[in-house]
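Notes follow the structure.
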Amino acid sequence: MNSKQQSVKFVTLGCKVNQYETQAMAESLAVKNIKQVEGAPCDYVVVNTCTVTADADRNNRYWIRRMKRENPQARVVVTGCYVEKNRAELEAMPEIDLILSNYEKDKLHEKIFEGCATETVQKSPDKTRFAELAVSAPQGGGTRAFVKIQDGCNHSCAFCKVVLVRGRSRSRELKSIVEEVKRLAEGGYREVVFAGIQLGAYGLDYESPEHFRNPSARDHYFLTDVIEAAAEVKGIERIRLSSIEPIDIGEPLIQCFERVKKFCPQMHIPLQSGDTEILALMNRRYSGEFYRDLILKLRQRIPDFELTLDVMAGFPGEEARHFENTVKLLEEIQPLKCHVFPYSRREGTRAASMTDVAPHLIRERVQQLIGLSQQWSEARLRLYLGRELDVLVEKPREQNGFYEGMAANYVRVCFPASQKMDGQIVRVRCLAVENGIILGKLVPEEVKHG
């Protein structure tokens, strides 16, 4: 290896799991004296790809070609979900020097020195192990850090390629998770967000026949164990889940909210459709009524619980009546935030063989849902006017003298302050709602854990 310090630029596309894995790969290269940089020139470029939609696929190819144009001398490494099902296409791209599967991301610091040639890639990676990626502290500092605890998915939704590219669920060892949470707390982080592809499946790959004979046997752990262990870490004030499927939310998790005060009363629970017929076509394994009843139960059992969700418009077979059922359900549960997206055909999925909805109808439904979601969000935020919320302060706003932060239930709050407050938990009285944010006033003498 060249004795001078080399450099690497990362391009990260897609989800929070990819973002976490990029940070971990960057740290593994730093140990090998390869420094992460933002601009050109650099010695290596790593493109961490996504394949959730057709647009994502096009974006992958765009960034690979762009990075090679901007860094003609750099060796280009491509990894991520796009690799898993589009490997032949990538191998035909002259811009690429090395291709690594998702299962090899924790080996980047070794593979990158093997000549960076396409033919040096793995032959048969172990798809049953959890790739041991970890971070010491996220770049740029902050108050909230993501911790990947699980990978893969045991579901098989008709529209989704995730199970095809990430494999079945695999769990990270509890000891490794707790060690990372402790490092983050020592680095000044106050909140951790557990990330994964199917968080509710955490620990299922550890189950053994002994567990069913003796449920108290502790040779394995589940998601609630991870939450409770993290809650014991000094300095961590909040614990949050990035996303969890509705059928993975059972009584043990609900009781965990009631028992662990640091567990934030908010979850991102994908809906996809509010119509039971469409959910069946999607292979989502629950009905619209099940989802509605679950949310009502969570709001009844967990004080100030807030919901964010994903909803899809235009799944094959979705008629006007199906879409109306989705709107009706959303109107009933009124989520704090909706991530609205159009159906995108993914080759290799069951939905790819179904008849598509007309594009103009999909666009109309997307726009309608976006407009309604803003109304539902404002309605939820207005419920807090006149109340006081504990806010974890994240950063000063562009307006001089204003700070912004997040309440435990994911409500974003902005307030004026005359002193530096980054990283503190303060109490704020909610006064108004503006552009999806609560405007408030700092309650005197209520700076907490500061």
Query raised in the report: Just one of the numbered conditions (1) over 17 Å from Ala432 (Cβ atoms); (2) buried (at least 18 other Cβ atoms within 10 Å of the Cβ); (3) of a type outside the set (Val, Ile, Thr) is not true of Leu389; which one?
Result: (1)
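Yes/no per residue for (1) out of contact with any Pro (no Cβ under 6 Å at 6 or more places or on another chain); (2) not aliphatic (A, V, I, L, M):
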{"site": "Ala352", "(1), (2)": "yes, no"}
{"site": "Ile370", "(1), (2)": "yes, no"}
{"site": "Ser377", "(1), (2)": "yes, yes"}
{"site": "Arg387", "(1), (2)": "yes, yes"}
{"site": "Glu394", "(1), (2)": "yes, yes"}
{"site": "Gly401", "(1), (2)": "no, yes"}
{"site": "Glu404", "(1), (2)": "yes, yes"}
{"site": "Asn435", "(1), (2)": "yes, yes"}
{"site": "Leu439", "(1), (2)": "yes, no"}
Report summary line: Conditions (1) at pLDDT below 70; (2) surrounded by fewer than 16 Cβ atoms within 10 Å (Cβ to Cβ); (3) not assigned by TED's automatic domain parsing to the domain that holds Ala201 -> Gly141 fails only (3)
Query raised in the report: Is it true that some residue in segment 117-127 is among the β-branched types (Val, Ile, Thr), touching a strand residue (DSSP E or B) at 6+ places or on another chain (Cβ under 9 Å) and modelled with pLDDT of 65 or more?
Result: no
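For the subset of segment 183-204 comprising residues that are over 21 Å from the mean Cα position of the chain (by Cα) and on the phi < 0 side of the Ramachandran plot, which member is modelled with the highest pLDDT?
Ranking the qualifying residues of segment 183-204, first place goes to Glu186.
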Query raised in the report: Which is over 15 Å from Ser273 (Cβ atoms), surrounded by 13 or more Cβ atoms within 10 Å (Cβ to Cβ) and of a type outside the set (D, E, K, R), of Gln374, Gln368?
Result: Gln374
Query raised in the report: Given the conditions (1) crowded, with 18+ Cβ neighbours inside 10 Å; (2) touching a helix residue (DSSP H, G or I) at 6+ places or on another chain (Cβ under 9 Å); (3) free of Cβ contacts under 8 Å to residues at least 40 places away in the same chain; (4) not hydrophobic (A, V, I, L, M, F, W, C), and given that Lys35 satisfies all but one, which numbered condition is not satisfied?
Result: (1)
Query raised in the report: Inside segment 205-231, can you point out the residues that are modelled with pLDDT under 80, of a type outside the set (Gly, Ala, Ser) and either part of a helix (DSSP H, G or I) or exposed (fewer than 15 other Cβ atoms within 10 Å of the Cβ) (or both)?
Result: Tyr206, Glu207, Pro209, Glu210, His211, Phe212, Arg213, Asn214, Pro215, Arg218, Asp219
Report task. Would you mind stating whether Ala26 is small (Gly, Ala, Ser) and either at pLDDT 90 or above or within 19 Å of the chain's Cα centre (by Cα) (or both)? Result -> yes
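Counting only residues that are under 21 Å from Gly371 (Cβ atoms), give me the strands (runs of 3 or more DSSP E) lying completely in segment 266-345 with at least 3 of them. Don't jump to the end; show me each part of the working.
On the way: elements: 266-268, 306-313, 337-342.
Ranges flagged: 306-313, 337-342.
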Report summary line: Residue pairs qualifying under the 7 Å Cβ cut-off, at least six apart or on distinct chains, with the first in segment 232-248 being outside any loop (DSSP other than H, G, I, E, B) and the second being among the β-branched types (Val, Ile, Thr) and surrounded by fewer than 20 Cβ atoms within 10 Å (Cβ to Cβ), are Arg240/Val193
Query raised in the report: Just for strands (runs of 3 or more DSSP E) wholly inside segment 5-88: which have at least 1 residues that are within 30 Å of Met312 (Cα to Cα)?
Result: 6-12, 44-49, 75-80
**Report entry** Condition check for Glu347: outside the structural domain of Met406 (by TED's automatic domain parsing), at pLDDT 95 or above and surrounded by fewer than 16 Cβ atoms within 10 Å (Cβ to Cβ)
**Finding:** no
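Pick out the one residue from Tyr62, Tyr44 that is surrounded by 19 or more Cβ atoms within 10 Å (Cβ to Cβ), of a type in the set (Phe, Trp, Tyr), at negative phi and not assigned by TED's automatic domain parsing to the domain that holds Val165. Full working, then the answer.
Values: Tyr62 fails: surrounded by 19 or more Cβ atoms within 10 Å (Cβ to Cβ).
After applying the criteria, what remains is Tyr44.
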Query - Every residue from segment 319-374 that is of a type in the set (A, V, I, L, M) and within 22 Å of Glu306 (Cα to Cα) - result: Val327, Leu329, Leu330, Ile333, Leu336, Val340, Leu369, Ile370, Leu372
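The values are calculated or read from the model by the stated rules, or taken from the named source; none is laboratory data. This one's a predicted model, so the numbers in the text were calculated from it and none came from an experiment. Methodologically, a virtual Cβ is constructed for each residue, glycine included, from the backbone with ideal geometry; neighbour enumeration extends over all protein chains shown.
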